[in-house]
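Enquirer: Sending over a structure as structure tokens; questions will come in a sec.
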Amino acid sequence: MNKAIVKHLEREILICEKERIVSVPYHEITRIVCDKPYVEIETKAGKKCHLAQSFKGVCDGLPPVFVKCNKSTYVNLIHGTALEKSNAGYELCIKKVRCSVSKSRVKPVSELFLKVKEEMKTAESCRVCGICEIPV
């Protein structure tokens, strides 16, 4: 797999690979996971895109509704359904997926989670970043 070029546009991430260019709107992305040597972008439709790209290269430039839960996972909080304490610490739930939240990230994740959910009550688009559409 050749290294992908990732460009962050206003409302989407553009992934340019050897033989294809893919546009993925930010509001479609549920999470981004580092699975060295690849980065996996997962959408709300359950589709996964694997990139030969650095995790930092993909995640730098994401809108503020994306939060780093642990050293290998960013989550789009618009799709978050719960932040729960578990035996291993805290977990952020997105659909049926549970993402572990490292101890040092619990406070910033919970604060931003609450802020995004408050914005979702009164807006058609999230005012935290101003670009992600609220799923209906």
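Enquirer: Given the convex hull over the Cα atoms of segment 47-106, what projected area results after averaging over all orientations, in nm²?
Expert: 4.7
Enquirer: Between Ile5 and Ser110, with labels modelled 7 Å along Cα→Cβ, what's the label distance in nm to one decimal, could you check?
Expert: Rounded to a tenth, the inter-label distance reads 4.4 nm.
Enquirer: Which pairs, out of Lys18/Lys44; Lys48/Lys68; Lys71/Lys121, put more than 21 Å between their alpha-carbon atoms?
Expert: Details: Lys18/Lys44 25 Å; Lys48/Lys68 19 Å; Lys71/Lys121 30 Å.
In this structure, Lys18/Lys44; Lys71/Lys121 exceed 21 Å between Cα atoms.
Enquirer: Counting helices only, and only those DSSP H runs with n ≥ 4, report the 222 nm mean residue ellipticity of the chain as the sum of -39,500 (n - 2.57) divided by its residues, in deg cm²/dmol to the nearest 500.
Expert: -5000 deg cm²/dmol
Enquirer: Here's a follow-up. Please give the per residue accessible area of the chain, computed with a probe of 1.4 Å over protein heavy atoms only, in Å². Working shown, then result.
Expert: Working: 7900 Å² over 136 residues.
Ligands and nucleic acids excluded, the result is 58 Å² per residue.
Enquirer: Can you give the extra length, in nm with one decimal, that the chain gains between Thr81 and Ala45 once fully stretched, where that is 0.36 nm per residue apart less the Cα-Cα distance?
Expert: Between Thr81 and Ala45, full extension yields an extra 11.4 nm.
Enquirer: Once mean projected area of the Cα convex hull in nm² is worked out from the coordinates, which option in (i) 8.6; (ii) 8.0; (iii) 21.9 does it equal?
Expert: Read-out from the structure maps to (ii).
Enquirer: Under 18 Å from the Cα of Lys117, which aspartates and glutamates turn up, not counting those fewer than eight places away in the same chain?
Expert: Filter leaves Glu28, Glu84, Glu91, Glu133.
The values are calculated or read from the model by the stated rules, or taken from the named source; none is laboratory data. For clarity, every value in this text was computed on a predicted model and none was experimentally measured. Virtual Cβ from ideal backbone geometry, glycine too; neighbours counted across all protein chains shown. Accessible surface areas use protein heavy atoms only, side chains included; no ligands, DNA or RNA. Shrake-Rupley method; radii C 1.70, N 1.55, O 1.52, S 1.80 Å.
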